[in-house]
């Protein structure tokens with residue numbers, strides 16, 4: 001978790017979104033800039049450079065966060081009105 005926290009403290013959540021878009025969609029740096037016009041190429045390349053410098057650790061941290069989110073989602077209960085709607089058919 002340390003590298004992800006360092007990444008966020010240096011670059012902020014916007015750069016984390018760059019990395020997640022890159023990983024999720026397979027976008028190139030140019031495509032990330034096209035999809036997010038407020039970003040410049042330097043920001044995209046800086047975020048991806050940091051990601052590749054610490055790739056294994058950041059991938060592990062992303063995987064841990066993903067597993068935690070899945071676990072939390074499975075343990076969550078539905079609000080009563082949704083459960084009522086589902087049971088009503």
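The values are calculated or read from the model by the stated rules, or taken from the named source; none is laboratory data. None of the values given here were measured: they were computed from a predicted structure. Positions of Cβ are generated from backbone atoms using ideal geometry, with glycine treated the same way; all protein chains shown enter the neighbour counts.
Would you tally the residues in the stretch 25-47 being surrounded by 14 or more Cβ atoms within 10 Å (Cβ to Cβ), within 16 Å of the chain's Cα centre (by Cα) and in a loop (DSSP other than H, G, I, E, B)?
2
Between a residue in the stretch 27-50 that is at negative phi and any residue that is in a loop (DSSP other than H, G, I, E, B), which pairs come within a Cβ distance under 6 Å, given they are 6 or more apart or on different chains?
That search, which allows pairs on different chains as well, returns 33/39.
Given the condition surrounded by 10 or more Cβ atoms within 10 Å (Cβ to Cβ), modelled with pLDDT of 80 or more and either in contact with a helix residue (DSSP H, G or I) (Cβ under 6 Å, 6 or more places away or on another chain) or over 14 Å from residue 16 (Cα atoms) (or both), answer yes or no: does some residue in the stretch 71-79 qualify?
yes
Outside any loop (DSSP other than H, G, I, E, B), surrounded by 14 or more Cβ atoms within 10 Å (Cβ to Cβ), at pLDDT 85 or above and in contact with a helix residue (DSSP H, G or I) (Cβ under 9 Å, 6 or more places away or on another chain): does that describe residue 61?
no
Quick check: anything in the stretch 15-22 in a helix (DSSP H, G or I), modelled with pLDDT under 90, over 21 Å from residue 66 (Cβ atoms) and touching a helix residue (DSSP H, G or I) at 6+ places or on another chain (Cβ under 8 Å)?
Scanning the stretch 15-22, I find no residue that is in a helix (DSSP H, G or I), modelled with pLDDT under 90, over 21 Å from residue 66 (Cβ atoms) and touching a helix residue (DSSP H, G or I) at 6+ places or on another chain (Cβ under 8 Å), so the answer is no.
Is it the case that residue 62 is in contact (Cβ under 8 Å) with a residue 24 or more places away in the chain and either out of contact with any strand residue (DSSP E or B) (no Cβ under 8 Å at 6 or more places or on another chain) or on the phi > 0 side of the Ramachandran plot (or both)?
Spelling it out, residue 62 is indeed in contact (Cβ under 8 Å) with a residue 24 or more places away in the chain and either out of contact with any strand residue (DSSP E or B) (no Cβ under 8 Å at 6 or more places or on another chain) or on the phi > 0 side of the Ramachandran plot (or both).
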